[in-house]
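Can you keep this structure in mind? I'll have questions shortly.
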Amino acid sequence: MRPWLTVGAWIMTVDGTVTEPIDTAGTSTIVADIAIVGGGLAGSLAAAVLARAGHRIALIEKRAVHPDEFRVEKIGGHQLELLRKLGFFNALEKVACRYDQVLNIREGKVVDVSVGQAYGFSYADLVAMARSQIPASSSLIVDEVTAISGSDDAQHLELASGRCVTARLVVLATGMAAALGYKLGIKRRILAERHSVSFGFTIARQDGRPFDFEALTCYGERTADGIDYLSLFPVRAGMRANLFMFRDPTDPIMRELRREPEATVLRLLPGLRTYLGDFRVIDRVQNWVMDLTVVEGHLQPGIVLIGDAFQTNCPAAGTGVARLLVDVDRLCTEYAPKWLATPGMGLEKISQFYSDRDKLAADQQSLKMARFRQALTSRNDIGWDVRRRLHFLRRSLTHRVDQMHPGWIGRVRGALRA
């Protein structure tokens, strides 16, 4: 099936294998059921779920191939269950590296071992995977939305190329980019400015041999360092490192981590030396400074925000992907299909998504975990010092008991849940 024809730019089939010049005799208006603005992970997953259900989707993204940004790089636990529910799990396995054990250490000593299926990948590969699941009858429109005008019935999007898109519903999946939302009167309220700093890079042993662990997490040793943990896990390029910190982004240590990452990491986490040996960073060191924010003025007819476009997350808390998947699941499998079945797209419909119980719980849990990780890492008052010691002591004792009596802890937890 041929993609929609448009004027003045390029249009691509979603698998990226076909690029067609625009037929200048075609129409300059694209008509869809749902227009999704933003082709990152949130937008691409949403487009795939909705298109597979038979809805006409216009996925609008200014980049034909998503760049390899430092974003989501690992998935595990409940996140895998959500991916499986949404129908992406098999595709994930083809682009990711699986690991089943994580060695957790602090001050050079083993705290415990996490057991459970998890996957490491590059963000660009994950986005490409999501886009590959969009039926070939749908198209990725490589363009930029410059304005949106809406009503209770239809929404009109103006594109930089001069084209227009008309849809009943607009999904903003623009991440932390706020310009388009600002034009709509949607503003971001900062809950915690410069809440955390994250670094991402890939490492390898100097001798070329594999590391002696599948994956490893090393927790910070001193509150003054502001280090939550360093997570090491396999990706196609090697052993990926994600370092999460609660520290002033202007601190000189940030520059040192970019210029001399090997020496700086070992100085901050000396207990790592035994496990890493002689290693080197084999790619560019990337970093993010994250504000915790939530939007205001977002309840508008015909427009809904998902993922980071609605609320940002603390990367150290690991709740961002879960929140995103909950948004995609609830909007694309529950609300959007129901809304399209009846006339209109007014506030009474849009508000149903924002007040969804599962969405609210995921949003609130994300903020709760963000504050907890920061306090557990950085607070140095007596109360949090005791809590921190008990946290790691409880984990260590549980691990020792499970080593002496394998499976005992799991059976107890299962009995308590029953």
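Taking the beta-carbon count within 10 Å as an exposure proxy, list 393, 126, 180 from fewest neighbours to most.
Sorted ascending by nearby Cβ count, the order is 393, 180, 126.
Cut-off 20 Å, label point 7 angstrom out along Cα-to-Cβ of residue 379: give me the residues of segment 246-279 whose amide nitrogen falls inside.
The answer is 246-248.
Moving to a separate point now. Could you give the distance between the Cα centres of segment 31-84 and segment 129-190, to the whole Å?
Comparing the Cα centres of segment 31-84 and segment 129-190, I get a distance of 13 Å.
While we're looking at this one, here's another question. In degrees, nearest 10, range 0 to 90: what is the angle between the Cα axis of helix 408-417 and the longest Cα principal axis of the chain?
40
Give me the distance in nm between label points sitting 7 Å out from Cα along the Cα-to-Cβ direction at residue 389 and residue 256, one decimal.
The answer from the label model is 2.8 nm.
Mind listing the long-range amide H neighbours of residue 229? Cut-off is under 5 Å, sequence gap 5 or more, other chains count too, H placed in the peptide plane at 1.01 Å from N.
Hits under the 5 Å cutoff: 220, 244.
Sticking to Cα atoms, compute the Rg of the chain to one decimal and its Dmax as the biggest Cα-Cα distance, whole number, in Å.
In Å, with Rg to one decimal and Dmax whole: 23.0, 75.
Of the cross-linked pairs 62/85; 187/359; 74/187; 62/183; 74/368, which ones have a Cα-Cα span greater than 26 Å in the structure shown?
Among 62/85; 187/359; 74/187; 62/183; 74/368, the Cα-Cα distance tops 26 Å for 62/85; 74/187.
Sorted from fewest to most neighbouring beta carbons within 10 Å, what does the list 199, 372, 213 look like?
372, 213, 199
Between segment 242-316 and segment 341-378, how many Å separate their Cα centres?
When both Cα centres are located, 23 Å separates them.
Taking the chain as a Gaussian network, where each spring joins two C-alpha atoms under 10 Å apart, which residue of 237, 96, 51 fluctuates the most?
Top of the fluctuation ranking is 237.
Between 0 and 90 degrees, rounded to the nearest ten: what's the tilt of helix 320-330 against the longest Cα principal axis of the chain?
So the inclination is approximately 40 degrees.
Angle, helix 357-378 long axis vs. longest principal axis of the chain, Cα atoms, 0 to 90°, nearest 10?
Roughly 40 degrees between the two axes.
Got a sec to turn the phi values of segment 143-151 into Karplus ³J(HN,Hα) couplings, 6.51 cos²θ - 1.76 cosθ + 1.60 with θ = phi - 60°, whole Hz, x for Gly and Pro?
Couplings: 6, 10, 7, 9, 7, 10, 10, x, 7 Hz.
Using the Karplus curve 6.51 cos²θ - 1.76 cosθ + 1.60 with θ = phi - 60°, work out ³J(HN,Hα) for each residue of segment 67-74 in order, rounded to whole Hz, and write x for Gly and Pro.
x, 7, 7, 7, 10, 5, 9, 8
OK, next. I need 107, 296 ordered by Cβ neighbour count within 10 Å, fewest first.
By the 10 Å Cβ count, ascending: 296, 107.
What dipole magnitude, in Debye to the nearest 20, does segment 164-249 give about its Cα centre under +1 on Lys/Arg Cβ and -1 on Asp/Glu Cβ?
Computed charge dipole of segment 164-249: roughly 640 debye.
With θ set to phi - 60°, apply the Karplus curve 6.51 cos²θ - 1.76 cosθ + 1.60 along segment 331-346 and write out the HN-Hα couplings as whole Hz, x wherever there is a Gly or Pro.
Those phi angles translate into 5, 8, 9, 10, 7, 4, x, 5, 5, 5, 6, 10, x, x, 8, x Hz.
Quick check on the chain: helices-only [θ] at 222 nm, where DSSP H runs of length 4 and up contribute -39,500 (n - 2.57) each and the sum goes over total residues. Nearest 500, please.
-10000 deg cm²/dmol
Taken together, the values in this text are just the output of simple stated rules run on the coordinates, not laboratory data. On a predicted model such as this, the values are computed, not experimentally measured, just so you know. Because the Cβ atoms are built from the backbone with ideal geometry, glycine has one as well, and the counts that use them run over all protein chains shown.
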